Structure formats: C-alpha cells, structure tokens
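Okay, so here's the structure we're looking at.
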Amino acid sequence: MSDDNRPFAIRKYDAARLRDALRKMYLIRFFEEGAEDSYMRGLIHGTMHLSIGQEASAVASCIGLTDEDKITSTHRGHGHCISKGAEVGRMFAEFFGKEEGYCHGRGGSMHIADVTKGNLGANGIVGGGLPIAVGAGLTAKRLNTGAVAICFFGDGANNEGAFHEALNMAAIWKLPVVFICENNKYGMSTSTERSTAVKNIAERAVAYAMPGHTVDGNDFSAVAETVETAIARARAGEGPSLIENLTYRWRGHSKSDRNRYRTKQEIDEWIARDPIQRFRKELIEHAILDESEAEKVATEARQEVEAGIEFAKSGTAPRVSDLARYVYAEENA
Amino acid sequence: MNAPTRQPDADIRELSYSEAIREAMGLALERDERVVLMGEDIGVYGGAFQVTGDLVERFGADRVMDTPISELGGAGVAVGAALTGLRPIYEFQFSDFAALAMEQIVNQAAKMRYMLGGEASVPVVFRMPAGSGTGAAAQHSQSFEAWFGHVPGLKVVQPSTPEDAKGLLLAALEDPDPVVMFEHKLLYKMKGHVPEGWYTTPIGKSAIRRHGKDVTIVASAIMVHRALAAAEKLAGEGIEVEIIDLRSVRPIDGDAIIGSVKKTGRLLCVYEGVRTLGIGAEISAMIAESEAFDFLDAPVLRLGGAEAPIPYNPDLEKAAVPQIPDIESAARRLARREV
C-alpha cells in the first residue's frame, strides 16, 4: 500500500466500478440539465433544487454502499437518488407527475425516494432527514443487519436543532450512521460565514465526541476515502462520524433565485473545478479508461437521460379519483 | 369518575388505566422483537407517570430506551426506526412537549406513506399523557387531540377506560400507519375490567356507554366519566341521556353519532380541548351536513376548554374545562328546549 501513490478510489475499486461511478456522475449532470430544460418548456411544474457541480460528493459517498444500506437525502437530492441506484426514467416520470414515477406522482422532486434501493427519500424540510437516519441506524443495530445509514444534509441544516439532537443520539448509542454535510457555502442566500459560528462545520463533531473531517467535496477520491473510513468505523460498532464535503452548486438555490448574493467570478471559479472533468481526467491518467471510452460513457449517459424523458412523457397521469390513495395503508388497494 | 357500568363478573380482573397500558406494552415486547419503547425517563425511573414501570427490568435498556431530553430528535428517531423495520412506541413525557416534535410527527411521519406513493410505512405509536386537573399549569396540561386530528395520515385515539387503553394501544401497534394515543392523566389510576391476553379495540369505532332517548352526549377521555355522572343525576329528573365515548378522533365514528342524534334529536359535545375550532365544531358540522339535521329538535351545544391557557390556581383550573355541573346544566337545557 505504502508504495502505491495512486488516488484512493483507483486503488480500492476495479475498473467496472469506477466506470460506473463516472457514468452516474454524468447521469446526474445530464438528468438535472434535462429536468431544468423540461421545466423551462413547462413540462414540469413546481420548483426544483439542482445539484450541478456537486456530483462527486453524492457518487463518492455512496460507492461503498449496498442496497441494504440506507440513505436519507435532502431537497437537493437528485444526485443522491441516482448514486443509490435509481433509474432516471422513473425519476423523470415522478417529476412529470406520472404513475410510473417512484412515488406515483405524489412526491415530485422534493420527496423522491426508492426504498427498495435503501433510499429513504429526499426531504422538503431542512434537517428533516437527520433524526430519521439515526432511526435507520437504530434499526440496523437492534436487528443486527450490519447496514449503515448515510445521512446527507446541507450547510443550512447544521443550524437546525435536529442536527444537535440527531448527532448526540447517534453518538451516545454508537449507531452506524455517517453524517455527510454537503457544504455548498450558502443556505439559500445566506453564506455559512454569516450563519455559522465555526469556520468548518466538521469542527462541530467535537461536541458529539465523534470524528469530524472536512474534505474537498469535488475530489472523488478524497470523499470516497473519508466516507469509507467512516463506514468501516460504523460497521465495526464504533459509532457515527461527521464529514463535511466542501462543494458548490453552480445553479441558484431554486427556480426563484436571482443570484444576488454571489459574484459571477466566484461561480466561474467553481465551474473551473468541475468534479466530473476532474474525475474523468484522473481515470484516464491512471489508465482505467481512455479518452474515447470516457466519451462513450458520457454519450451513453446522455442517451439514457433522453430515453428517460421520453419514458416520462408517455407515462400515465394519476386519476383524480385516486387523490386520497396512499394516505393510509387501507387506501392503497 | 366511575368506570362505565358493567355486569358483575365472577372472574372479573381489574387493572388501572396505567397498568393496562403497561400490560399492553409488555405483551408487545414479548411477542415481537421489533418493538422498542423510547422516551424520557421511561427506564429505571419508570416514566413520569409510572406507566412503563418495571418494563426495563423485564426487557432491558436496549428495548426500553431512555432518550435524552430531545423530543424532536427522539420522535424523529422513532419515525426512522419505524420506516426501516422496528415498531417503536415513543412516550412523550407530557403531550405538551409534542409541540417540540411537530416537524417529525406532522411533516414526516404523517406524510411519508403519501409522499412516497404508498412505497413505505411508518408504523410508529406516539403516547401522549394529556389533560388538566393536576395543578401543573399552562405548559403541562393541554389537550391537543384536535391539532393532530387535523392531519391526514395520522390516526388519533383517546381511550377513556383501562380496557380500551390496552385494546387501542395494541390496535395502534398492529396498525401500519402512525397513531397518536392521548392518555388522560386523571385516568391513570382509574381501575376497571381488563381482559387477559392480546386483544384490540378497533380504531375509528366509538362506544355507547349509556343508552338514552332524550339527549346525545358525545364525549372523550375524562369527559366520558363526567358525562356519566351528570347523566345519573339527570335520570332522577326523568331525562335519559345517551353517551357516546368517541374513542377515536381520527377517523371519527360519524355513523354512530348520526344514528344516535336521529334517535334523540339533541346533541351536546363535551371535550377538554379549547372549544373554538375543536372536536365539537367538527361533530356539529358533521350533523349539520347529515340526514340527522332534519331530526334536530334543538340547536347543537358544545362544552369545551376555555379560551385561555390552563391556569395554576385550582379554582381557575377547574373552571377552564367542563365539569359535571356544566354538563348537567347544558344537557338539562337541551332536554327542556331552553336553548
């Protein structure tokens, strides 16, 4: 190991796994561009929160997970969903409000989930998923399943009371939870400098006697390695960790954002640090694939997204008479 | 505070309301590995009202879990555990503290199944000691049934007897959806017959506690017992009161209430929560929209909590919620068409 200076992901995972990681990063990027375009064309209503620019954080955090492992996600959760194995066709169908969607058109972008793959769902409430992930950790521990729960949340959620209560409980009960804060610098328009007393959110781990790590969230290998260590610790029964992935959303908070709180220069600087280009370059450098193979991965992801949009367009609209279906179990039939 | 009238029974077994709830939880812990109890000081302390009692000694601290004083987080952990395969029963020390956890109960637990298009279940039970009469003042005495009853996705039950306390808790535990159970603190020591073993009281079904032809009283929790006492006095005046014990606030047993009002032509709603926008408003409107409307011989009356927080002073505290003489007088005025 000591004489192998290659990045962690290259050392740890085989070529097929790494190629799939690149594919998922492209899928996230093209899925969100496709969703944005569909929104502009009036095919999707409501709003959405895009994570373009944060793809490494989502995919690298999930690369070591199985379908038995759980994740809780956020309102900026499309990337987590794809990372955990969701099909983009059914995701688009959900955005289009169709029965074929993951939530049969009842949830939309902010509640997308895929429980069969261990994705317990995006969440419209900032910090809503934090205690829920701890509950998933409690189940894993009590039923001895060996599973871990990955809890994604944003920098905004680190100032919610739920953050304090959830991290404290996970720590006192030594639950298999990995808290991953995707710090993209702004909770809507308010910067972490203005909202948060500590410089790095991972410093808050000290208050819960758990390890805390601040990582370059656009560096696939750095994220994968840090999360891998935390997962190993969780599975060994040693308790939770807090990881802070420093990253950036290229787009605004949501569709109502006029971008008054950050400069074009800042945005451009982060676009220059594109996590997909960076990972792709790394894979080529270490001969996992060559330029034309990388291009093929991108092209196939683009085709998958295009096919997904067509699938969604041809989906079935829910019947209005089914409005109250799924409120209670007995109304499912 | 007498238990509803019951035929004498040779092998009648009496338990208190809190013992009945404890027995239900003990049976559940024995029967199903997935059941866990969570809450503040429910372990060696036995719970603020001694409802969990000795369960920690029987089942261990891993299954009867003391939580930190973190209602939002604790409720959320219960939600997440229910979502992933456990059957948690989360005790709020006082129902008032559920205000700290509304996010997890209302935004998460209640809506999860719907938001996920039926792909997930949240079989969690929230137990809530509620109500006034203990001198605990404004932040430890409230009755929030109507708040939770307003949320599609939740079921809300409110037992008035030890038998129903056990049966409704076991029904809540078997239910695949989140159930909020309000336990009236003044009932915890009340004794009554409780069948042995596992049985359930159906959620959404009321019970007729006294039959009568002149006035229908719909009451819940402690108010059932006050209404029974009032009815006893009115019987001496020749006024026969029918008493419906609501038992479930959501879903509400409309058919039973409508059927009774069609018979008596007069309706009095008695509940401890604040009168305005409360359970009585819902029941009144339900009658106004039903075929029972044509059978009404008098306006519908509501007796509910005062438009004020629960006060500390004992006389003020009593005056803040319906008492036996209030019920007696309102039912008498209805029967005599003095309204």
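Values in this text are rule-based calculations from the coordinates and carry no lab data. Just so it is clear, the structure is predicted and the values come from calculations on it, not from any experiment. For neighbour counting, all protein chains shown are included, and Cβ atoms are generated from backbone atoms with ideal geometry for every residue, glycine included.
A few notes on this one:
- Separation of the residue B:339 and residue A:313 label points, Cα + 7 Å toward Cβ, nm: 6.2 nm
- D (Stokes-Einstein, µm²/s), Kirkwood Cα radius, the stretch B:258-333, 1.002 mPa s at 20 °C: 162 µm²/s
- Residue B:134/residue B:33 FRET efficiency (R0 45 Å; Cβ-Cβ; nearest 0.05): 0.80
- Per-residue mean of C-beta atoms belonging to partner chains within 10 Å, peptide B:86-93: 1
- Three-way shape label, the stretch B:207-335, alpha-carbon gyration tensor, a/c 1.5: oblate
- Summing Lys and Arg as +1 and Asp and Glu as -1 over all other residues whose Cβ lies under 13 Å from the Cβ of residue B:284 gives a net charge of +1.
- Computed about its Cα centre, the charge dipole of chain A is approximately 700 debye, with only Lys, Arg, Asp and Glu carrying charge at their Cβ.
- The modelled label-to-label distance for the pair residue B:316/residue B:199, using points 7 Å beyond Cα in the direction of Cβ, is 4.4 nm.
- Take the Cα of residue A:260, go 7 Å toward its beta carbon, and the backbone nitrogen atoms of the stretch A:161-201 under 13 Å from that spot belong to A:189-190.
- The value of relative contact order for the stretch B:255-339, using C-alpha pairs under 8 Å at least six residues apart, is 34 percent.
- Pairwise FRET efficiency - residue B:276 versus residue B:329, Cβ, R0 = 25 Å, nearest 0.05: 0.75
- Modelled label positions at residue A:206 and residue A:238, each set 7 Å beyond Cα in the direction of Cβ, lie 2.1 nm from each other.
- Partner aspartates and glutamates for residue A:264 [C-alpha distance under 17 Å; skip if fewer than 8 residues away on the same chain]: A:274
- Assuming charge only on the beta carbon of Lys and Arg (+1) and of Asp and Glu (-1), the dipole of chain B about its Cα centre is about 640 debye to the nearest 20.
- Springs join every pair of Cα atoms under 10 Å in this Gaussian network model of chain A, and among A:207, A:307, A:147 the largest mean-square fluctuation is at A:207.
- When the helices of the protein assembly as shown are scored as -39500 (n - 2.57) per DSSP H run of n ≥ 4 and the total is divided over every residue, the value at 222 nm lands at -11500 deg cm²/dmol.
- For the stretch A:140-184 and the stretch A:28-42, distance of Cα centres in Å: 31 Å
- Listed pairs A:255/B:111; A:70/B:205; A:141/A:199; A:24/A:98; B:155/B:191; A:117/A:174 exceeding 28 Å between Cα atoms: A:70/B:205; A:141/A:199
- Residues residue A:285 and residue A:191, FRET efficiency given R0 of 41 Å [Cβ-Cβ distance, rounded to 0.05]: 0.75
- The relative contact order of chain B comes to 16 percent, based on Cα pairs under 8 Å that sit 6 or more residues apart.
- Measuring spread by the Cα atoms of the protein assembly as shown yields a radius of gyration and Dmax of 28.3, 99 Å.
- Reduced Cα scattering model of chain A, Debye log10 I(q)/I(0), q = 0.12, 0.15 Å⁻¹: -0.83, -1.30
- Chain B shape via C-alpha gyration tensor axes, a/c threshold 1.5: prolate
- Candidates A:167, A:143, A:50: whichever shows maximal mean-square fluctuation once chain A is modelled as a Gaussian network with Cα springs under 10 Å: A:143
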